[in-house]
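Enquirer: Handing you a structure now.
The values are calculated or read from the model by the stated rules, or taken from the named source; none is laboratory data. The model shown is predicted, which means the values in this text are computed figures rather than measured ones. Neighbour counts run over all protein chains shown; Cβ positions are idealised from the backbone, glycine included. With ligands, DNA and RNA removed, areas are computed over all heavy atoms of the protein, side chains included. Shrake-Rupley method; radii C 1.70, N 1.55, O 1.52, S 1.80 Å.
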Amino acid sequence: MPIYSVPRLKACDNCAKAKIKCDPDTSWTKCKRCCIQGLECVLREPVQRKRRKLYPEAESMSVAQVSVIGGTSAFSLQELMRGIEYYHGSLAAYFPFMALSSTQQACSEFVEEKPFLCKVLAMLGCTPNRERRRELAVQCRQHLTTHALQVGTKSLDLLQGLLVMIYWYHYQNELPMQRIVYIHLCMSMVVDLGLSKSPFQRTRLKKPSDTANGYEVDMEGVVNHNLEEKRALLGCFFISSLAMNMDAMRFSEYMEDCTEDLEKSQLPSDQELARMVRLRQLFEEFEAARRSLAQERRRRAAFVLPEVTSPVHFVGFWEERIDEYWRHVPEASKTDFLRSKYDHIRLCLFEICLEESMFDSTLERLVILQKCLTTVKSQLEQYLFSDCFGPPTMLVLPHHYFHESNHAMYVAIQLWLLKCEGWSRQQVQHDLNLVKVIETATQWVERLREFMPYQAIPEFFILMQPVGYAIKKWYDARLQKLEEEESVLSQMDPPGQAENEVEFESFWGQFMNPDDSVWLQSLLDESTSFG
């Protein structure tokens, strides 16, 4: 084959020295000028030049670096071992989206393979040392900035480390809030790593180079995702579905396949993961159905459409689906943590009773109100009065657990303030005993101080106490006001009722978003009134 059968980018040596354009001659092995002058046409290979690294600090961290004890730019091997031990002993029960080896022999290989995940685990292992934990949290954020944002690295190491950071995000309460940013980063990384779809899906494998074969894709060498990658995918779905003010990942057919694979796994943690995902899947389904029901009822009110589905039938259908799945879960597998997820989903279903416009009759609404009250009572008893969630356990509970407890308290107060024919505020107070609930929540931090030194308590839990006092102050003022109104048998007119509703939402609505720290600052402001 002639050397000039295809275009080239470099001139031969003779043309280069003469600084003359080198025209290839496709019929000869020489260029046109060398053919005419009878010269030897030599074409040298271009020399590869070394390119300067834009971010030399972004190279993978070596074992020697992380094995150095102390310093502000590295973590020690002892901190990593303590973090892995802490993870296996206390955290793994709540985070089945990752399987780790607890053997010290595999620790050095683990550091080389997943440096970012090791740094996150080392941070969690420093729970008794607040200052050191803050230092490592800052290092984790710097690692993400350099690798994920500047260099554009996409790896399972970064994805798993992000999931762990988000799951126990309240350990970073002293740093700027970036939880939603991290969740979006997780979702984009799942897509970039190709974990969101099956590797055997035809549309994923099409490339411009396949045109020669008529887009007949060669499947040789294509392998399926392993269980570690499937756990990370489902972990991203689960965490994104818990976040507020953002669109979560949708449960796809491939996620269904991954869940089924984990249900067949022999690891108890994989089966626990599948159960958690199944409950969130049901939540996603009935939330979509509820939005559709609300739209139907609005259209019916506006255009006098035929009868639509009754809220009682809607709640009954989805309640049966949720309970049917729960009945199939073995009793030995119904952990307190999994039961809290089950109760939270039921509460989200029953809180449709708080929307008066969804009901045509008071009797229908009272049926759902009673179910909502029973579920709230069950949740509050589990969150505040169960021995399973005492002070030691509080330190290892994931971030979203506290959001769910806030949500239960929020719904309880709404039920207490609700005005509906046949609904008694005194009965709600009697069943829920809100005074004791609020006092118990306020005493959590005091119980923590008996369990461990004050300097070792994470700032998130320290700030819970003034929040609890602010809640109690608001509740006592509102209770006194309601008792005074009832004593004179006065009824609120519509403007006054709307004003109280706005006041209620402006205070309690803040507790619904754990990603916003503004509500906490307003609670600690001495000039704020909660009356």
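Enquirer: Could you list, in sequence order, the residues of segment 324-347 that are touching a His at 6+ places or on another chain (Cβ under 8 Å) and open to solvent by less than 10 Å² (accessible area, probe 1.4 Å)? Before you say what the answer is, go through the steps one by one.
Expert: Filtering segment 324-347 down to residues touching a His at 6+ places or on another chain (Cβ under 8 Å) leaves 344, 347.
Leu347 - this is the single residue of segment 324-347 that is touching a His at 6+ places or on another chain (Cβ under 8 Å) and open to solvent by less than 10 Å² (accessible area, probe 1.4 Å).
Enquirer: Any residue in segment 458-481 that's in contact (Cβ under 8 Å) with a residue 60 or more places away in the chain and not assigned by the TED database to the domain that holds Arg132: show its pairings with residues that are buried (at least 16 other Cβ atoms within 10 Å of the Cβ) and outside any helix (DSSP H, G or I) at Cβ separation under 6 Å, as long as the two are six or more apart or on different chains.
Expert: Between residues of segment 458-481 that are in contact (Cβ under 8 Å) with a residue 60 or more places away in the chain and not assigned by the TED database to the domain that holds Arg132 and residues that are buried (at least 16 other Cβ atoms within 10 Å of the Cβ) and outside any helix (DSSP H, G or I), the close pairs are Glu459/Asn173; Phe460/Asn173.
Enquirer: Out of all the residues in segment 433-451, which are open to solvent by 70 Å² or more (accessible area, probe 1.4 Å) and touching a residue at least 40 places away in the same chain (Cβ under 8 Å)? Full working, then the answer.
Expert: So the first thing to find is which residues in segment 433-451 are open to solvent by 70 Å² or more (accessible area, probe 1.4 Å), and the list is 436, 439, 443, 446-447, 449-451.
Matches in segment 433-451: Arg447, Glu450, Phe451.
Enquirer: Residue by residue through segment 314-369, note down the ones that are within 22 Å of the chain's Cα centre (by Cα) and under 24 Å from Arg298 (Cα atoms).
Expert: The first filter runs over segment 314-369 and keeps only residues within 22 Å of the chain's Cα centre (by Cα), leaving 335-349.
Across segment 314-369, the qualifying residues are Leu347, Cys348, Leu349.
Enquirer: Right, another one. Looking at segment 404-416, can you tell me whether even one residue there is modelled with pLDDT of 85 or more and open to solvent by 40 Å² or more (accessible area, probe 1.4 Å)?
Expert: No: segment 404-416 contains no residue that is modelled with pLDDT of 85 or more and open to solvent by 40 Å² or more (accessible area, probe 1.4 Å).
Enquirer: Does Glu351 meet the test of being modelled with pLDDT under 85 and on the phi < 0 side of the Ramachandran plot? Spell out how you get there, then give the answer.
Expert: Values: modelled with pLDDT under 85: no; on the phi < 0 side of the Ramachandran plot: yes.
Considered against the rule, which asks whether it is modelled with pLDDT under 85 and on the phi < 0 side of the Ramachandran plot, Glu351 comes out as no.
Enquirer: Kindly list the number of the only condition in (1) without any contact (Cβ under 8 Å) to a residue 60 or more places away in the chain; (2) out of contact with any Leu (no Cβ under 9 Å at 6 or more places or on another chain) that fails for Ile180.
Expert: Condition (1) is where Ile180 drops out.
Enquirer: Tell me, yes or no, whether segment 196-205 has at least one residue that is aliphatic (A, V, I, L, M) and either modelled with pLDDT of 70 or more or exposed (fewer than 13 other Cβ atoms within 10 Å of the Cβ) (or both). Break it down stepwise before answering.
Expert: Applying the first criterion (aliphatic (A, V, I, L, M)) to segment 196-205 yields 205.
Still in the running and either modelled with pLDDT of 70 or more or exposed (fewer than 13 other Cβ atoms within 10 Å of the Cβ) (or both): none.
The answer is no; no qualifying residue exists.
Enquirer: Looking only at segment 219-241, count every residue that is surrounded by fewer than 22 Cβ atoms within 10 Å (Cβ to Cβ) and either over 14 Å from the mean Cα position of the chain (by Cα) or closer than 15 Å to Pro96 by Cβ (or both) and tell me the total. Step through it out loud before you land on a result.
Expert: To start, the set of residues in segment 219-241 that are surrounded by fewer than 22 Cβ atoms within 10 Å (Cβ to Cβ) comprises 219-229, 240-241.
Next, only the ones that are either over 14 Å from the mean Cα position of the chain (by Cα) or closer than 15 Å to Pro96 by Cβ (or both) stay: 219-229.
Residues in segment 219-241 being surrounded by fewer than 22 Cβ atoms within 10 Å (Cβ to Cβ) and either over 14 Å from the mean Cα position of the chain (by Cα) or closer than 15 Å to Pro96 by Cβ (or both): 11 in total.
Enquirer: Something else now. From the residues in segment 263-288 that are small (Gly, Ala, Ser) and open to solvent by 30 Å² or more (accessible area, probe 1.4 Å), which one is nearest to Tyr94 (Cα to Cα)? Outline the logic, then answer.
Expert: Step one: list which residues in segment 263-288 are small (Gly, Ala, Ser), which gives 265, 269, 274, 288.
When the remaining residues are screened for being open to solvent by 30 Å² or more (accessible area, probe 1.4 Å), the result is 269, 288.
Details: Ser269: 9, Ala288: 27 Å.
The selected residue is Ser269.
Enquirer: Has segment 142-152 got at least one residue that is over 23 Å from Val222 (Cα atoms) and not in a helix (DSSP H, G or I)? Quick ask: steps written out before the conclusion?
Expert: Restricting attention to segment 142-152, the residues satisfying the condition of being over 23 Å from Val222 (Cα atoms) are 142-152.
Add one more test, that the residue is not in a helix (DSSP H, G or I), and what stays is 152.
Within segment 142-152, one or more residues are over 23 Å from Val222 (Cα atoms) and not in a helix (DSSP H, G or I).
Enquirer: Looking at Gly83, Gly70 in this structure, which one is open to solvent by less than 50 Å² (accessible area, probe 1.4 Å), closer than 21 Å to Met452 by Cβ and either modelled with pLDDT of 85 or more or not in a helix (DSSP H, G or I) (or both)? Give the steps one after another, and end with the answer.
Expert: Numbers: Gly70 fails: closer than 21 Å to Met452 by Cβ.
Result of the check over Gly83, Gly70: Gly83.
Enquirer: Additional query: For segment 443-450, indicate whether the set of residues that are modelled with pLDDT of 75 or more, of a type in the set (Phe, Trp, Tyr) and either in a helix (DSSP H, G or I) or under 17 Å from Ala412 (Cα atoms) (or both) is non-empty.
Expert: No, there is no match, as no residue in segment 443-450 is modelled with pLDDT of 75 or more, of a type in the set (Phe, Trp, Tyr) and either in a helix (DSSP H, G or I) or under 17 Å from Ala412 (Cα atoms) (or both).
Enquirer: Output the number of the condition that Gln281 fails; it satisfies all remaining conditions of (1) farther than 17 Å from Leu338 by Cα; (2) modelled with pLDDT of 90 or more; (3) out of contact with any helix residue (DSSP H, G or I) (no Cβ under 7 Å at 6 or more places or on another chain); (4) of a type outside the set (Gly, Ala, Ser).
Expert: Status for Gln281: all satisfied but (1).
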